[in-house]
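Colleague: Have a look at this one.
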Amino acid sequence: MTIARRALPLRHSLLVAAVAVLCALAVTFIRPPAARGAEHRAPRASHSLLASSLASNANDSTRMAFLDTLRGASKKLRARFLSPRRAAGIPVLRELFGEPVAQRPGVYTTGDSTGGFHFITMRPFADKVQGRIGTYRIGNFPSERRTAARAITPEGFLEVTLANQDTRISEHFRLRDFLTKDQHHVWPKYLVLREPLLDKLELVLSELRTMGITANQLKVMSGFRTPQYNAQGVGAGGRVTDSRHQYGDAADVYVVNGSKDWMADLNGDGRVDTRDARVLAQAAERVEQRYPELIGGVGIYKATSAHGPFVHIDVRGTRARWGEL
Ligand SMILES: [Zn+2]
């Protein structure tokens, strides 16, 4: 009698322990693959998954599998951008980098066999006072105007310094590639940039190569444009007031193959014109067909004396086409 009474709680506690171990294994093995499909649609969800998957009890292969999901559809992203508030909500980032990751803007790098992954803590949007952060002029976003038709306000600004400007945020792009081209002597500079744009540009470059076209480098002629810079060019034949470039999800790009900083002869007809831009636009079209979550604008621009033909690519979330398609 006494033995039976003692055996029951023992069996019970063994059962509880077994269930706990099975649950722990399920968490370890199920979470990383579950995050894959949600990457673009739910960045917030993937960041909280990051927290659990990079937890100290996760083994190295689990960690690597999870970092892999942060590399985007192209698998070429090397950075994620976080507001301080969001960084604070991911305990593992604070474990890895300490409290500064949630307090001090900057680049926080985790080393791994493929050259590191950067978590970049942004300056909060509220740090922009009277259109500036420090002495860097940014201006006011359309959403800050009372008559704003839409209310898109960037989450924050990437702080670009002389020291971090060369940080590789994806396989082929650096932070400085996307800076507004003004205020050359003012540092730090500030940048709004969204990871899906980087992902799409990497995919377009791969797609060109898949199409059998030589494409050594995809050059960004214009990436982020501060509202104050964008406003200078608004007008007939120029920029639009509500340009996607202000939201960090648009870039004007062209392919460079040789030493000359000019669009390459992509269709091989011996000259460089809008037809080459059309080849680049076709690659963007093919990428959108395969990755509808990266849908956006594609516009073709012809050469002027100042620049060669180029293509505008963005990830606005709805299809838009213009120019000589
Ligand atoms: Zn553009």
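The values are calculated or read from the model by the stated rules, or taken from the named source; none is laboratory data. Just so it is clear, the structure is predicted and the values come from calculations on it, not from any experiment. Cβ coordinates were reconstructed from backbone atoms using ideal geometry, including for glycine residues, and neighbour counts include every protein chain displayed.
Colleague: What number of residues within segment 195-237 are more than 15 Å from the ligand (Cβ to nearest atom) and under 17 Å from A73 (Cα atoms)?
Modeller: 12
Colleague: Still on this structure, I have one more. With out of contact with any Lys or Arg (no Cβ under 7 Å at 6 or more places or on another chain) and over 30 Å from Q183 (Cα atoms) as the only criterion, which of R286, R225, R239 stands out?
Modeller: Exactly one residue qualifies, and that residue is R286.
Let's see how each residue does on (1) without any contact (Cβ under 8 Å) to a residue 24 or more places away in the chain; (2) surrounded by 19 or more Cβ atoms within 10 Å (Cβ to Cβ); (3) more than 25 Å from L193 (Cβ to Cβ); (4) away from the ligand (no atom under 13 Å from the Cβ):
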residue	(1), (2), (3), (4)
R239	yes, no, no, no
D242	no, no, no, no
G248	no, yes, no, no
D252	no, yes, no, no
P292	yes, no, no, yes
A306	yes, no, no, yes
D314	no, yes, no, no
G317	yes, no, no, yes
E324	no, no, yes, yes
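Colleague: Let me ask you something else. Which number in (1) in contact with a Lys or Arg (Cβ under 6 Å, 6 or more places away or on another chain); (2) of a type in the set (D, E, K, R); (3) away from the ligand (no atom under 12 Å from the Cβ) marks the one condition that K260 misses?
Modeller: (1)
Colleague: Show me the strands (runs of 3 or more DSSP E) found entirely inside segment 133-232 where at least 1 residues are of a type outside the set (A, V, I, L, M) and surrounded by fewer than 18 Cβ atoms within 10 Å (Cβ to Cβ).
Modeller: 168-170, 217-222
Colleague: Please work out if P100 is within 21 Å of T180 (Cβ to Cβ), modelled with pLDDT under 95 and not assigned by TED's automatic domain parsing to the domain that holds Q246.
Modeller: It is false that P100 is within 21 Å of T180 (Cβ to Cβ), modelled with pLDDT under 95 and not assigned by TED's automatic domain parsing to the domain that holds Q246.
Colleague: Still on this structure: Does segment 301-318 contain any residue that is closer than 14 Å to L201 by Cα, of a type in the set (S, T, Y) and in contact with a helix residue (DSSP H, G or I) (Cβ under 8 Å, 6 or more places away or on another chain)?
Modeller: No, segment 301-318 contains no residue that is closer than 14 Å to L201 by Cα, of a type in the set (S, T, Y) and in contact with a helix residue (DSSP H, G or I) (Cβ under 8 Å, 6 or more places away or on another chain).
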